[in-house]
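Note sheet for the following structure.
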């Protein structure tokens, strides 16, 4: 297989490909990009987890944020009256 630069597309992406298919897209990072986001967005296992979660949300629905806060709020313990100092 011969690998060659296929061309520069919009937003400065350089596409590298073989004879009939593009293999790699090299993209510049902006000052707003961070490595963690780029790494996660290109991680196939992570994207599979995200898609399973989205499918579950579509099928079973979601829990409103107020309900999550209510369920996870720390339980309040009744305070004991303090002894008075003399």
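Listed values, structure above:
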{"item": "Residue count for the range 58-85, restricted to those that are in a loop (DSSP other than H, G, I, E, B) and exposed (fewer than 10 other Cβ atoms within 10 Å of the Cβ)", "result": "15"}
{"item": "Boolean, residue 55 is part of a helix (DSSP H, G or I) and out of contact with any helix residue (DSSP H, G or I) (no Cβ under 6 Å at 6 or more places or on another chain)", "result": "yes"}
{"item": "Residue match in the range 31-50 (condition: exposed (fewer than 10 other Cβ atoms within 10 Å of the Cβ), modelled with pLDDT under 85 and more than 24 Å from the chain's Cα centre (by Cα))", "result": "no"}
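The values are calculated or read from the model by the stated rules, or taken from the named source; none is laboratory data. Quantities reported herein were computed from a predicted structural model and do not represent experimental measurements. All Cβ positions, even for glycine, are placed from backbone atoms using ideal geometry, and neighbour counts span all protein chains on display.
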